[in-house]
Amino acid sequence: QVQLVEPGGGSVQAGGSLRFPCAASGRTLRTHAMRWSRQAPGNEREFVTATTWNAVSIYYSSSVKGRFTISRDNAKNTVYLQRNSLKPEDAAVYYCAAAFRPGITITRANNYDLWGQGTQVTVSS
């Protein structure tokens, strides 16, 4: 079965950095786009970043732009989210997703076909 594999979680002091992968497993797929979202307890899930696999189109939410970076490793079929200058408000469960259809709006969650299980990020003061 195809799935997106994320690490179990990460914890960092405020101002620190975390880099998490999201890797497709099960079979080789042609990925059109990857997306990260996050959800804190009691809050709605929010968009964080999205990229086409060729990196022609990349989007970041205003709250993370300049601090977070999305990147890809084609050989490993993996996307990475680098989180720098982490703030307490960045603490959340982070979800990655993969889309396989072209011509989609890559920031929209309902355009994605495969979802990771979520990764807990904690940020301490």
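Would you mind working out the magnitude of the charge dipole of segment 18-125 relative to its Cα centre, with +1 at each Lys and Arg C-beta and -1 at each Asp and Glu C-beta, to the nearest 20 Debye?
Values: 14 positive and 6 negative charges, 53 e Å.
So the dipole magnitude of segment 18-125 works out to roughly 260 debye.
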With only alpha-carbon atoms counted, please give the Rg and Dmax of segment 1-54, in Å. 13.7, 38
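Just the Kirkwood number for segment 35-75, please: inverse of mean 1/r across all distinct Cα pairs, in Å, one decimal.
Numbers: mean 1/r = 0.0887 Å⁻¹.
The answer is 11.3 Å.
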Quick one: Kirkwood hydrodynamic radius for segment 38-109, alpha-carbon pairs, angstrom, one decimal? 13.3
At R0 = 25 Å, FRET efficiency that the Cβ-Cβ distance of Arg19 and Asn110 yields, to 0.05: 0.35
In segment 67-119, carbon and sulfur make up what percent of the accessible area (probe 1.4 Å)? 46
Where trypsin sites (Lys or Arg not before Pro) fall in DSSP loop in segment 1-97, at most 12 other Cβ within 10 Å: Arg27, Arg30, Lys65, Lys76
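How much accessible area per residue does the chain have, in Å², with a 1.4 Å probe?
Each residue of the chain exposes 52 Å² on average to a 1.4 Å probe.
Compute the relative contact order of the chain as a whole-number percentage, counting only Cα pairs closer than 8 Å that sit 6 or more residues apart in sequence.
Values: 282 pairs, mean separation 45.3, N = 125.
So the answer I get is 36 percent.
The values are calculated or read from the model by the stated rules, or taken from the named source; none is laboratory data. Nothing here was measured: the structure is a model prediction, and the numbers come from that model. For neighbour counting, all protein chains shown are included, and Cβ atoms are generated from backbone atoms with ideal geometry for every residue, glycine included. Ligands, DNA and RNA are excluded from the accessible area calculation, which covers all protein heavy atoms including side chains. Shrake-Rupley method; radii C 1.70, N 1.55, O 1.52, S 1.80 Å.
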